[in-house]
Amino acid sequence: MADKILKKLKIKVWRQNNAKSKGKFETYTIENISTGSSFLEMMDILNNQLIEEGIDPIAFDHDCREGICGTCSLYINGRPHGPDTEVTTCQLHMRKFKDGETITIEPWRARAFPVIKDLVVDRTAFEKILQAGGFVSVNTGGVPDANTIPINRDDAEESMDAAACIGCGACVAACKNSSAMLFVSAKVSHLAKLPQGKVEAKSRAKNMVSKMDELGFGGCTNTQACEAECPKSISITNIARLNREYLVARISE
Amino acid sequence: MSILESKIPAGPLAEKWNNHKSAIKVVSPANKRKLEIIVVGTGLGGASAAASLAELGYNVKAFCYQDSPRRAHSIAAQGGINAAKNYQNDNDSVFRLFYDTIKGGDYRAREANVYRLAEVSPNIIDQCVAQGVPFGREYGGLLDNRSFGGVLVSRTFYARGQTGQQLLIGAYQALNRQISKGNVEMFNRHEMLDVVKIDGKARGIIARDMVSGEIKRFGAHAVVVATGGYGNVFFLSTNAMGSNGSAAWQCYKQGALMSNPCFVQIHPTCIPVHGDQQSKLTLMSESLRNDGRVWVPKKKEDAVKLQKGEIRANDIPDEDRDFYLERRYPSYGNLVPRDVASRAAKERCDEGFGVNGEGKAVFLDFKYSIERLGKDVIEARYGNLFQMYEKITDVDPYKEPMMIYPAIHYSMGGTWVDYNLMTTVPGLYSIGEANFSDHGANRLGASALMQGLADGYFILPYTIGDYLADEIMTPKIDVKAPEFDAAERAVSGRIEKLFNIKGSKPVDYFHKKLGQTMWDNVGMARNAEGLKKAITDIKEIRAEFWKDVRIPGELNNLNPELEKAGRVADFLDIGELMARDALDRNESCGGHFREESATEEGEAKRNDEKFTYVSCWEYKGEGEEPTLHKEDLVFENVKLTQRSYK
Ligand SMILES: Cc1cc2nc3c(=O)[nH]c(=O)nc-3n(C[C@H](O)[C@H](O)[C@H](O)COP(=O)(O)OP(=O)(O)OC[C@H]3O[C@@H](n4cnc5c(N)ncnc54)[C@H](O)[C@@H]3O)c2cc1C
Ligand code: SF4
Ligand code: FES
């Protein structure tokens, strides 16, 4: 409905100059924010204010601002991507906040995601997990016609549900063990549900899981916090499927 | 001889690509292992190229400015990808896709390139399915198709409303596989700041490590630029915040010609600007126009009341609503092409009939289709879009009409390339949205994804061999060469210069000012006076920028303001060239509308006699006027006609 103005907000934010330095919270005041503005627009305004005051602006990751690239990654008032459901940080709007409120913003906190600066973390560990097997081993060219293998529509839809993962890392940030199981299981399900990906399903699951362990992500104790905070509603049933694939792979070793 | 040798092969249209492939040189596997290629950008164009080249055996280095290749802006494409598969048995064909693309582009693209694009399009779908792209399917298990604007057949493949995401993930997986094999070295969070030439040939790049701030040198036997479009010159657009024209602009400064820069696409269905705090615009899929009716009030007093918030859309009875697209274009109605729909919305709003506080929005109303089909059907078709709209605007589009307004979306213009996708700098290639090649003055929906993947999977991997076959004796490029010294000095010098201005205003201040000038004068409707004004305005903004911009932080650290400053410095130059190009092209075609060249009813009027060419601008040095070259377009297979959607 009609936008209102939030006259005054306090922004308590994690400041850390680089990976090596020690971070701390700083609090800034910002005025006259429209409830129709997005959370990141509020951050832009705050940053321009800081620049004019001669303070180093707050570094945060973002790009598409449409909820699809997975770059934005703020931990707001104790929740990855903030107080709304099924949205990324960039889709969160200021109407979810009250005038006079103190908003606390932190980076993703996980051993495998070290801070680069302020709210920006290094998610290279996700890249490494996918490089360990998150693909179908085909080269360009020489593949059969796209309609050669019919695929059951429900399987294709389930595959798509899992493929919707944007690689943001909120699942890791939400998990008390910093487990990446939801992320890994989403890739494993996306490919295992399709005949093209099924061929390598077992080795894929095994390689990705061992890579995940190696990179310092924690184990899954089924707290389901990841599913609750995932902006793309990736289901934990994928984790069950991953566990099955993984077990079969280990048994057949 | 002109510097513009398009290298279009001889022979009949349908045989050109095959003949060309047989005629060009091939590099042996043993020699490929000795050659290095740099690919800048990992969107659909760059990721597919980097993976395919690595599979062939070349040593590839790939770069992107995000923290992962998967985040390239291709990820945001919603609607779908075209291919001439004729799976629907509706008489689609390579020729029909070719024809639709040429006509949709208002006859300002090369026949041979567009035909090749249509010809390889079916292979793209095969490739994506083999990679595990979960395209939409029918109950029988075969692939489903959608229809898209401006065509009569159903040839668009899709993965829900996330086609770009799924295609990019497919290419990213192929890229990851090559990274894991050590065939591609990936540089995330690295921004290319210059191309390095040795003896006139592209031999590498200078890039800034965005985390450490270090300026680094990278050498290669060829450089491929796949860095996307420059729509952010307008500040507000549907592009990602980091999308930029800088890499292409450095190519231009190094001698690559820039073609048709004034051709940008304005998408009619975006969520309107909501005040002065806005940072970017969100696209609402074109498919909504299938079931939504576009209108504004008939009476100005109703519009005024809407603007003041005294009444709401539903207070206006049907007889007082002006369905202006249905009125003006009875045969296409709400489904006229993007450029026509955008201009019509602007015309109504300029006349004072806009429906939001700013007077810059029109209604897209689903009331009628909900009455006709039921809410369930509409929800099944557009549920996710309606939800996204509600999250952003807090208005429920099942109960009240959406508000929409046109926004900058895509750049048809870009780096000039020949049939091999090589620029006028030997060894420097440009693919995807960054080049100018296939869409003429207007791109059809679902054709950008097709082009990016065609270039990267099926065209460049062949054509680059023709050049590299003559480079097999060239040893590994030495990045200690004096040309690299000079390039690095220039890049560092520019960064330090920007950083040391220490003025009073943040980068955004200048970007917004540039965007406003561009939107007002180089936007949906252009005229000579406005374009000249834009050129003068931009010069002033540029002077102020270089005197008064303030970049905080440190040079040797992550510094988003510094990154933005470099991009905005280039946008200022790109904007000026766009205005010049628009001034030169005194005709209306596709997305480029010159008020001086309109019919009596205010429709676009092309001038084929004078303007059937690609404009190609050559850089002449800082502050110098660029030189205009022209590549004449020859049409041997289609007849030029005036588009009509009445
Ligand atoms: C909202 C939206 C919806 C769309 N929907 C559709 C659709 O349904 N169908 C369709 O066909 N098209 C659609 N398009 C258009 C299409 O998505 C793009 O044209 C296409 O994806 C561009 O691909 P690309 O590979 O050329 O560039 P991009 O995907 O933009 O990739 C650019 C790459 O270059 C890198 N880069 C840029 N500058 C530098 C630098 N200086 N140094 C290093 N790296 C750099 C980036 O990191 C990125 O990896 C849509 C576009 C938008 C904005
Ligand atoms: S599973 Fe969900 S939360 Fe985790 S990375 Fe994917 S989209 Fe983000
Ligand atoms: S910025 Fe892309 S998902 Fe938020």
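On inspection, B:I102 fails the criterion of being within 14 Å of chain A (Cβ to nearest Cβ) and crowded, with 22+ Cβ neighbours inside 10 Å.
Here the stretch A:169-219 is the region considered, the condition is being assigned to a loop (DSSP other than H, G, I, E, B), at pLDDT 95 or above and within 23 Å of A:S73 (Cα to Cα), and the residue that is nearest to ligand 2 (Cβ to nearest atom) is A:G169. Exactly one residue out of A:G70, A:G36, A:G82 is touching a His at 6+ places or on another chain (Cβ under 7 Å), small (G, A, S) and either in a loop (DSSP other than H, G, I, E, B) or farther than 24 Å from B:M388 by Cβ (or both), and it is A:G36. For beta carbons closer than 7 Å, sequence separation of 6+ or different chains, a first residue in the stretch B:443-469 that is at positive phi and a second that is within 13 Å of ligand 1 (Cβ to nearest atom), the qualifying pairs are B:A446/B:G79; B:A446/B:G80; B:A446/B:I81; B:A446/B:N82; B:A446/B:F148; B:A446/B:T156. In the stretch B:122-150, the residue that is surrounded by the fewest Cβ atoms within 10 Å (Cβ to Cβ) out of those that are in contact (Cβ under 8 Å) with a residue 60 or more places away in the chain and closer than 21 Å to A:F135 by Cα is B:N123. The residue that is surrounded by the fewest Cβ atoms within 10 Å (Cβ to Cβ), counting only those in the stretch A:222-249 that are in contact with a helix residue (DSSP H, G or I) (Cβ under 7 Å, 6 or more places away or on another chain) and part of a loop (DSSP other than H, G, I, E, B), is A:S235.
For the stretch B:283-294, check the following and say yes or no: at least one residue is more than 14 Å from every other protein chain (Cβ to nearest Cβ) and either farther than 29 Å from A:C64 by Cα or modelled with pLDDT of 95 or more (or both). So far as the stretch B:283-294 goes, yes, one or more of its residues are more than 14 Å from every other protein chain (Cβ to nearest Cβ) and either farther than 29 Å from A:C64 by Cα or modelled with pLDDT of 95 or more (or both).
I'd like the residue in the stretch A:150-168 that is within 15 Å of ligand 2 (Cβ to nearest atom) and part of a loop (DSSP other than H, G, I, E, B) and, out of all such residues, is farthest from B:Q66 (Cα to Cα). Among them, the one singled out is A:A164. Within the stretch B:36-83, being within 16 Å of ligand 3 (Cβ to nearest atom) and farther than 24 Å from B:R146 by Cα holds for B:T42, B:C64, B:Y65, B:Q66, B:D67, B:S68, B:P69, B:R70, B:R71, B:A72. I'm trying to understand the selection: among the residues of the stretch B:44-78, which are assigned to a strand (DSSP E or B) and either within 6 Å of ligand 1 (Cβ to nearest atom) or among the charged types (D, E, K, R) (or both)? B:K61, B:F63 - these are the residues of the stretch B:44-78 that are assigned to a strand (DSSP E or B) and either within 6 Å of ligand 1 (Cβ to nearest atom) or among the charged types (D, E, K, R) (or both).
Comparison of B:G553, B:G515, B:G523, B:G566 shows that the only residue that is more than 30 Å from B:N31 (Cβ to Cβ) and without any contact (Cβ under 8 Å) to a residue 40 or more places away in the chain is B:G553.
The condition of being at negative phi, within 16 Å of ligand 3 (Cβ to nearest atom) and either assigned to a loop (DSSP other than H, G, I, E, B) or modelled with pLDDT under 95 (or both) holds for A:I58. Residues of the stretch B:211-243 that are near ligand 1 (Cβ under 10 Å from one of its atoms) and either assigned by TED's automatic domain parsing to the domain that holds B:G515 or touching an Asp or Glu at 6+ places or on another chain (Cβ under 6 Å) (or both): B:G228, B:G229, B:A240, B:G242. Contact annotation: residue pairs with Cβ atoms under 7 Å, 6 or more positions apart or on different chains, pairing a residue in the stretch A:1-30 that is surrounded by fewer than 14 Cβ atoms within 10 Å (Cβ to Cβ) with a partner that is among the aromatic types (F, W, Y), are A:F25/A:W14. On inspection, B:P272 does not qualify as crowded, with 22+ Cβ neighbours inside 10 Å, outside the structural domain of B:G515 (by TED's automatic domain parsing) and either under 17 Å from B:M412 (Cβ atoms) or within 16 Å of ligand 3 (Cβ to nearest atom) (or both).
Restricting the search to strands (runs of 3 or more DSSP E) fully inside the stretch B:202-282 and requiring at least 3 residues that are away from every other protein chain (no Cβ under 14 Å) and closer than 19 Å to B:V39 by Cβ gives B:215-219, B:222-225.
Just so you know, in the stretch B:218-247 the residues that are under 18 Å from B:Q265 (Cβ atoms) and among the aliphatic types (A, V, I, L, M) include one that is farthest from ligand 2 (Cβ to nearest atom), and it is B:V233.
Here the stretch B:395-430 is the region considered, the condition is being over 11 Å from B:Q265 (Cα atoms) and within 14 Å of another protein chain (Cβ to nearest Cβ), and the residue that is farthest from ligand 1 (Cβ to nearest atom) is B:K399.
Selection over the stretch B:114-137 of residues that are closer than 27 Å to B:Y99 by Cβ and within 7 Å of another protein chain (Cβ to nearest Cβ) gives a count of 4.
Within the stretch B:373-394, being of a type in the set (D, E, K, R), part of a helix (DSSP H, G or I) and either under 21 Å from B:R146 (Cβ atoms) or within 11 Å of another protein chain (Cβ to nearest Cβ) (or both) holds for B:D376, B:E379, B:R381, B:E390, B:K391.
Of the residues making up the stretch B:7-39, those that are under 28 Å from the mean Cα position of the chain (by Cα) and either under 18 Å from B:S52 (Cα atoms) or not in a helix (DSSP H, G or I) (or both) number 8.
The values are calculated or read from the model by the stated rules, or taken from the named source; none is laboratory data. Remember, it's a predicted structure, so these values are computed and weren't measured experimentally. All Cβ positions, glycine included, derive from the backbone under ideal geometry; neighbour counts span all protein chains shown.
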